[in-house]
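Take a look at the structure below.
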Amino acid sequence: MKRLFLTVVAVLSMTMTFAENENLNSVENASVYNMAVDYGRLADCLGLSTDQAEAVQDIHSSFCADMMNAAGANADEREGMVKRAVQKDLKYMRYVLTEDQYRKYLMLLNATFNNRGLEK
């Protein structure tokens, strides 16, 4: 009986440990995939006009939502979701930004992805 009780306690403690690690992983994923930025600083860095700044904020807000959806997805689907989100973001940004602004935006996005370990 004592052995049975100790086995049950061991199984429950291991289950709780794995569940705790899974929650920590989901929190880490959420922070890694959170692409929110200070739009004022982004506008200054890229030299955006008022109209461009509004358009970039709308596009990037959509990108942030797509990335957070990817963070909550299964690991199998996550890579494809991130790739589609980046492609959509870059397609719209290319339409709004000038060539120099787009080049700077690409550098910022690549640096962000590299710093967070999300190579695309």
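Quick notes on this one:
- Across the range 93-120, the residues whose backbone nitrogen lies under 13 Å from the label position 7 Å along the beta-carbon direction of Arg41 are 112.
- A crude spin-label estimate for the pair Tyr102 and Glu77, with each label 7 Å from Cα along the Cβ direction, gives 3.1 nm.
- Carbon + sulfur, % of accessible area of the range 61-105 - ligands and nucleic acids excluded, 1.4 Å: 48 percent
The values are calculated or read from the model by the stated rules, or taken from the named source; none is laboratory data. Because the structure is predicted, anything quoted here is derived from the model rather than measured. A quick note on method: Cβ atoms are made from the backbone with ideal geometry, for glycine too, and the neighbour counts reach across all protein chains shown. With ligands, DNA and RNA removed, areas are computed over all heavy atoms of the protein, side chains included. Shrake-Rupley method; radii C 1.70, N 1.55, O 1.52, S 1.80 Å.
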